[in-house]
Amino acid sequence: MSDSPARAPEGAPNVVVVLFDDLGFAQFGCYGSDIATPNIDRLAQGGLRYNRFHVTALCSPTRASLLTGRNHHAVGFGSLADVAVDLPGYNGRIPDSAATLPRILRDHGYSTMAVGKWHLAPGGERTAAGPFDRWPLGLGFERYYGFLRGDANHWAPELIRDNSYVDPPATPEEGYHLTEDMADEAIRMVVNQQESAPGKPFFLYFAPGALHAPHHVERSWADAYAGRFDHGWERWREEVFARQVEDGVIPADTTLSERPSWVPDWEELTDGERRLYARMQEVAAGMVTHTDAQIGRLVDALERLGVLDDTIIMVTSDNGAAASGGVTGTINEHRFSNRVGDDLSENLEHLDDWGGIHGYPLYSWGWAWAGNTPFRLWKRYTWLGGTRVPLVVHWPAGIRTTGEVREQLTYVTDLAPTVLAAAGITPPEVVAGVPQQRIDGTSMLGTFADAAAPDTLTTQYFEMVGSRSIISDGWKATTDHVSRGIVDEERLLVGSRDFDTDTWSLFRLEDDYAESRDLAAEHPEVLGRLQALWQEEAERNKVFPMADSLMARLDHIRGPLYPVGQRAVLVPEGGPVSDEALPRFGQGAWILADVDVPAEGAEGVLFALGDWTGGFAAYVADGSLTVSVAAPGGLVRARSDSPLPTGRHRLGMALRPLPGGGFTLDAVVDEQVVGTTRSSHGLPHGFQHGGASLRMGFDRGLPVDDGYRPPFPWTGTVHHVLVQAGEQVPPGLDELRVAFLVE
């Protein structure tokens, strides 16, 4: 075998995959929406739209399937990366036997680049110590810039460049926005690659955070939609449906289902509720249009480089629109994972800043329902509302008849085989000495030229958080199982809460595009066959044991090889420390900074993690200590009324859970409580879905409370910070002196 670098096959195209997040079937203009997406619409007009393209119904699993061509359970992603467990179908580790598309392309002479959301590194493996084998560079990409977790604050994200945490290039005050930054970086990567190796094909995976919570966008983008959605989600859905039929996006005989009981009747809402909910959709629409504009910048760059005609661009979403905002929507999406409900009056108080820097919002599930028109339900469910999403494919050199709709049944596992087929690359049977498991997807290349080409799939199982379905030979069987984890779904959705009592419905997809007519009673033999087939597929793909909650497998959570334990002593020289490298706070904690307090001008941040949507901080202002916790239930703050003594001291906070729920927050100076307050809400599982790092001696991005503004550096010296989990009082200062360089 030659040691020379591989050269790509002659004529191999460039490839750009754009993967939206939590975007429903009806949220692109070219799929019937009145949300402006002119750049994606332009790609559709010059390419193809698919109207029976399916995904897995959840973020990490779809991404794993897209990048491997395999079913999600078969590569360890039956659930989210965050809750990886010691079960084969749910371990969150793409195996070496499932070499990824970027790895194969790289080995065949492509440059490979990823920008945006990753969400494929298992929980516990996302600190500065790695391991890095399931980060982007470990799975075939040569360059990476983005965020590792499921979401990120678009004003002040936790960012990764290659294998290192980095700060954003600008601050919220300077107008920073994550999607614009990612577009800048994607353009820079591609331009630099083509300048450095003209003609070498590239694979760019571009995964923006839209339309996942938080819905963050500069106000003018949302204001452009002022008044557009005042008529409500039912009327909007009907208008979208009419355009979908008129434009030929969906069959003319499609039945639009009635509004379910758990989605409020718009006409029965108060004026305040309508104003609030309409603004939620204005912000969401602005975010989609803003993201479309960044995609347009990327496409324009490809055109300027002269490579657009030879580039396959695929634009899709990882699942349907998300309903975790519940009935009322939420000003802070961190709340749902901590089972903290939302208050309509509080949401109204934040109406003017919805989408701005102070919140972490997600719209009411009425808009998620409408965003998946004409389908039922939403993300996390294997009804079509969760699994059928837009797919636009643009390739001037390979698609001759453009502007058409393709009706073939297709699945996310088909994208990798399609790219390989277009590049003239045969999927390898062995990679780095490891025999490869079967690729479950089938190339869609034949559909590019032939509207009558056969479906790429005849049978496909689905399972997500206990919701199950299967497509086979034109039929679809779907359970009514309601998963656990979102309070409003558990309270309001009609369906079964027990696997043993689940009811299966049966639909004939060829003449029932939107799962509207249940034929189970008329064709029991077909339903029985599909149930048995689902069981076979589930066993083959490692679906069992199932669980109907994202948190249900906590007993199986795989801990890190080098666990943090109950105590960590941290020094500023090491830089920010990821929250995954800190002891857990569920049973309380002491967080104390060993500092020198100057005789004059003592002020600044001692330590901080997260921001005002979720985090904690200790800082000194006006000579006094303040400690704050931004918990899911709201901000909790304790303050000392006395000036700090000069000299060396331990300053910080104690968190103590209360019997029956809630916690106390104490401001502490040398183990003495100098201020205290109480919260009725429990301590959160984690302060930030998107990850956060503990910083010592300063803060960055957004503050934990509005009593300071980052960076607000400490004017004295921070020697180290102790994090001690549990309620036990830490040892005295002298017993904790550590042999670091600062001592």
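Read-outs throughout are calculated quantities, based only on the coordinates presented, and are distinct from any laboratory measurement. Please read these numbers as outputs of a predicted model, since none were measured by experiment. Neighbour counts run over all protein chains shown; Cβ positions are idealised from the backbone, glycine included.
Quick note on the stretch 14-454: its Rg to Rh ratio, both from C-alpha atoms and Rh being the Kirkwood radius, is 0.95. Expressed as an acute angle from 0 to 90° and rounded to the nearest 10, what is the orientation of the C-alpha long axis of helix 59-68 relative to the principal long axis of the chain? The two axes meet at around 60 degrees. Contact order for the stretch 210-341, expressed relative to its length and based on alpha carbon pairs under 8 Å spaced 6+ residues apart, stands at 40 percent. Residues V673, V597, ranked from the fewest to the most other C-beta atoms within 10 Å, line up as V673, V597.
For helix 524-540, report the angle its Cα long axis makes with the longest principal axis of the Cα atoms of the chain; keep it between 0 and 90° and round to the nearest 10°. Compared with the principal axis, the helix lies near 50 degrees. Residue exposure proxy: C30, C59, ordered by other Cβ atoms within 10 angstrom of their Cβ from fewest to most, comes out as C30, C59. Using just its DSSP H runs of length 4 or more, each adding -39500 (n - 2.57), the chain gives a mean residue ellipticity at 222 nm of -6500 deg cm²/dmol after division by all residues.
Between the stretch 209-239 and the stretch 265-340, what's the alpha-carbon centroid distance in Å? Distance between centres, Cα-based: 8 Å.
Backbone geometry of the stretch 603-612 corresponds, through the Karplus equation with coefficients 6.51, -1.76 and 1.60 at θ = phi - 60°, to 3J(HN,Hα) couplings of 6, x, 7, 7, 7, 7, 9, x, 8, 6 Hz, x marking Gly and Pro.
Backbone amide hydrogens, once placed in the peptide plane, bring A207 within less than 5 Å of L19, V115, G116, K117, excluding anything fewer than 5 places away on its chain. The order of F607, F147, going from fewest to most other C-beta atoms within 10 Å of their C-beta, is F147, F607. Listed by chain and number, the lysines whose alpha-carbon sits under 18 Å from that of K117, ignoring those within fewer than 8 places in the same chain, are K379. Once C-alpha pairs closer than 8 Å and six or more residues apart are averaged by separation and normalised to the residue number of the stretch 567-736, the relative contact order reads 36 percent. Against the chain, whose longest principal axis comes from its Cα atoms, helix 232-247 is set at around 30 degrees.
Restricting attention to the chain, close to 75% of DSSP beta bridges with both partner residues there are antiparallel.
Measuring nothing but how far apart in sequence close Cα pairs (under 8 Å, 6+ apart) lie, relative to its length, the chain scores a relative contact order of 16 percent. A crude spin-label estimate for the pair Q45 and Q531, with each label 7 Å from Cα along the Cβ direction, gives 5.0 nm. Bridging of K542 to lysines at a Cα separation below 18 Å is possible for none of them, once same-chain residues fewer than 8 apart are set aside.
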